[in-house]
Amino acid sequence: MSRDDFSAKVLDELAKRVAFRCSAPSCKTATIGPSDSRVGRVTNVGVGAHITAAAKGGPRYNERLSREQRAAYDNGVWLCGNHAKLIDDNEDRFPEKLLQSWKRNAERNARLQVARATESPAHNLLIDHEVTICECDSNRQVLEFFEDTGAAEAWGQEVYDSALMLTYELAINAFTHGGAEAVHLKADTGCLYMTYHGSIFGPSDLESVGGQGGAAALASFKEQCNGSMELTYRHRGGLNELTLVDLNRNLNHRHPCALRLTKNLIAGNGFKPVQGCTEIHIYVDSERIFGFSDARQLVQQLVANLPDHWYVFHNVSKNPGLRKYIAKQLPRVRFVPS
């Protein structure tokens with residue numbers, strides 16, 4: 001059967017737009033270099049891989065595409081030879097949406113690195129991806145999810161190790177204590193979401209178990225990631241929602257348990273989105289003064305609208321008097337370093 005292969009022009013474009021690096025976030029190996037024997041004195045180990053197959057029967061084949069669309073730039077991703085083989089041999093693990101996310105991320109990173117001397121890890125973001133894992137194979141599935149979303153590249157190795165361990169332990173507890181039949185994982189820029197239907201079993205319940213594996217993983221995560229990552233939890237409509245939030249990215253708009261301080265909030269409006277959360281995160285705009293009068297009004301609204309919670313303040317002035325004033329009215333409060 002004929003294949004709708006890429007032209008030399010398309011292959012050249014795919015390679016150059018990612019600086020000849022593999023688009024797999026856990027790889028990013030250089031695919032081009034010098035050769036002393038080949039004609040042209042260059043060796044290329046990269047592959048312009050089809051996102052949806054070039055021929056019927058191939059991985060991720062899309063019969064709705066025309067021949068021209070299958071051979072077009074939009075249907076290709078530049079990979080090293082190893083990852084080109086891997087994505088075709090594991091079609092279920094590497095769906096079309098994930099490969100498109102790899103491509104966008106690789107091009108974004110290449111664009112940011114043009115004319116820069118060194119690569120900055122701060123440029124790396126989590127790859128948009130989601131999977132549903134089962135209890136029988138949660139170990140492998142969690143590990144693959146972290147690899148496929150580029151978590152190590154986005155967070156750094158130390159945070160990656162702690163977050164991976166915690167996510168695995170949370171998955172175990174979802175099945176064993178939360179009564180979950182399946183656990184859904186989703187990555188989105190700087191946040192990692194875990195959701196499952198079941199009875200209430202949040203971080204505080206995990207800690208109350210007392211010294212077991214999950215509680216130890218949570219304690220280790222808090223110690224290793226203090227100030228850089230947060231774990232939030234809420235339960236609503238029978239759905240448990242746990243979220244790892246990358247605090248270094250200023251992603252409070254994606255934080256499911258966050259409130260951004262505004263005049264509207266101080267007036268008592270806008271509290272509904274965080275109902276069901278055990279901890280309420282309040283983000284203060286660094287470009288405005290948050291004074292004692294603001295604190296008094298906000299505390300009154302928090303107690304009235306969201307009583308019996310833990311409260312976490314971000315970007316509050318380090319003025320000890322202001323923090324003491326807030327803590328006196330809200331005993332269950334802590335301040336994240338700004």
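Quick check on the range 27-77: of everything there that is small (Gly, Ala, Ser), open to solvent by less than 50 Å² (accessible area, probe 1.4 Å) and in a strand (DSSP E or B), which residue is modelled with the lowest pLDDT?
In this case the residue turns out to be Gly33.
Given Ile127, Ile172, which one is open to solvent by 30 Å² or more (accessible area, probe 1.4 Å) and of a type in the set (Val, Ile, Thr)?
Ile172
For the range 276-325, how many residues meet the condition of being outside any helix (DSSP H, G or I) and surrounded by 14 or more Cβ atoms within 10 Å (Cβ to Cβ)?
Here is the first cut: in the range 276-325, the ones outside any helix (DSSP H, G or I) are 276-291, 306-319.
Of the ones still in play, those that are also surrounded by 14 or more Cβ atoms within 10 Å (Cβ to Cβ) are 276-284, 290, 306, 309-317.
Selection size over the range 276-325: 20.
Which condition from (1) among the charged types (D, E, K, R); (2) open to solvent by 80 Å² or more (accessible area, probe 1.4 Å); (3) closer than 26 Å to Leu125 by Cα is the one that Lys9 breaks?
Exception for Lys9: condition (3).
Taking the range 186-215, which residues are out of contact with any strand residue (DSSP E or B) (no Cβ under 9 Å at 6 or more places or on another chain) and within 23 Å of Asp137 (Cβ to Cβ)?
Leu206, Gln212, Gly213, Gly214, listed by residue number.
Among the listed residues Thr149, Thr132, identify the single one that is in contact with a His (Cβ under 6 Å, 6 or more places away or on another chain) and open to solvent by less than 10 Å² (accessible area, probe 1.4 Å).
Thr149
Are any residues in the range 186-199 loosely packed, with under 15 Cβ neighbours inside 10 Å and not in a strand (DSSP E or B), and if so, which ones?
Ser199
Among the residues in the range 139-146, are any open to solvent by 40 Å² or more (accessible area, probe 1.4 Å), in contact (Cβ under 8 Å) with a residue 60 or more places away in the chain and closer than 25 Å to Trp78 by Cα?
no
Select, from Glu223, Glu230, the only residue that is within 30 Å of Gly198 (Cβ to Cβ), part of a strand (DSSP E or B) and of a type in the set (Asp, Glu).
Glu230
Among the residues of the range 220-270 satisfying the criterion of being of a type in the set (D, E, K, R) and open to solvent by less than 30 Å² (accessible area, probe 1.4 Å), which is farthest from Glu207 (Cα to Cα)? Even if it seems obvious, please write down each step before you answer.
Initial filter on the range 220-270 (of a type in the set (D, E, K, R)): 222-223, 230, 234, 236, 241, 246, 249, 254, 260, 263.
Next, only the ones that are open to solvent by less than 30 Å² (accessible area, probe 1.4 Å) stay: 230, 234, 241, 246.
Values: Glu230: 16, Arg234: 16, Glu241: 17, Asp246: 22 Å.
Filtering first and then ranking leaves Asp246.
Residue-wise test of (1) without any contact (Cβ under 8 Å) to a residue 60 or more places away in the chain; (2) part of a helix (DSSP H, G or I); (3) under 21 Å from Lys16 (Cα atoms); (4) not hydrophobic (A, V, I, L, M, F, W, C).
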{"site": "Phe94", "(1), (2), (3), (4)": "yes, no, no, no"}
{"site": "Ala110", "(1), (2), (3), (4)": "no, yes, yes, no"}
{"site": "Ala115", "(1), (2), (3), (4)": "yes, no, yes, no"}
{"site": "Glu130", "(1), (2), (3), (4)": "yes, no, no, yes"}
{"site": "Ala152", "(1), (2), (3), (4)": "no, yes, no, no"}
{"site": "Leu164", "(1), (2), (3), (4)": "yes, yes, no, no"}
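Going by what's in this entry, would Val183 be described as crowded, with 23+ Cβ neighbours inside 10 Å, in contact with a strand residue (DSSP E or B) (Cβ under 6 Å, 6 or more places away or on another chain) and at pLDDT 90 or above?
yes
The values are calculated or read from the model by the stated rules, or taken from the named source; none is laboratory data. Note that the coordinates shown come from a computational prediction; the quantities given were computed from them, not determined experimentally. Counting neighbours? That spans all protein chains shown, and the Cβs are built from the backbone with ideal geometry, glycine included. Please note that ligands, DNA and RNA were not included when accessible areas were found on the heavy atoms of the full protein model with its side chains. Shrake-Rupley method; radii C 1.70, N 1.55, O 1.52, S 1.80 Å.
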